[in-house]
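Engineer: Pasting a structure below so you can have a look.
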Amino acid sequence: MYVLKCRKCGYRTRDKSRGKALSRMRNHWSKAHKAELSKRIRAGMIHNPGPLKFLRDVITGDIIPGYSGYKRKHYEAVKAIMPAILPYLPPEVQAGWHLIDKIADRVYPKRK
Ligand SMILES: [Zn+2]
């Protein structure tokens, strides 16, 4: 039996399945703490820019001045899909990507 307690208001939910208990807790949050939830989501997006934002910055050229806002995992996620989309990108974006790709090991060091 899984018992979950809301840290904010003390609401409790229990279920035999962990997934069901968790989804009920998510439901509770989306009803009872809606403002707090969206605040957290927004904060998360600002502090953890995702691979899509990285990709967008590559395409707009903002990646060159803004590279330090990203981590290696963002670069690697974009690198994985790049071969598929690179031919469809304008030449200057391709050039920008090759530059980032070349300096990536330096600006996003591999974790050992
Ligand atoms: Zn609550």
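The values are calculated or read from the model by the stated rules, or taken from the named source; none is laboratory data. Owing to the predicted nature of the structure, the values given are computational and were not obtained by experimental measurement. A quick note on method: Cβ atoms are made from the backbone with ideal geometry, for glycine too, and the neighbour counts reach across all protein chains shown.
Engineer: HIS33 fails exactly one of the following numbered conditions: (1) within 23 Å of the chain's Cα centre (by Cα); (2) surrounded by 14 or more Cβ atoms within 10 Å (Cβ to Cβ); (3) more than 16 Å from the ligand (Cβ to nearest atom); (4) of a type outside the set (A, V, I, L, M, F, W, C). What is the number of that condition?
Structural biologist: So HIS33 meets the others, but not (3).
Engineer: Just to be sure I understand, how many residues within segment 6-21 are over 13 Å from ALA32 (Cβ atoms) and either near the ligand (Cβ under 10 Å from one of its atoms) or among the basic types (Lys, Arg) (or both)?
Structural biologist: Within segment 6-21, residues that are over 13 Å from ALA32 (Cβ atoms) and either near the ligand (Cβ under 10 Å from one of its atoms) or among the basic types (Lys, Arg) (or both) number 4.
Engineer: In the set ASP105, ASP57, which member is exposed (fewer than 14 other Cβ atoms within 10 Å of the Cβ), among the acidic types (Asp, Glu) and modelled with pLDDT under 90?
Structural biologist: None of the others qualify; the one that does is ASP105.
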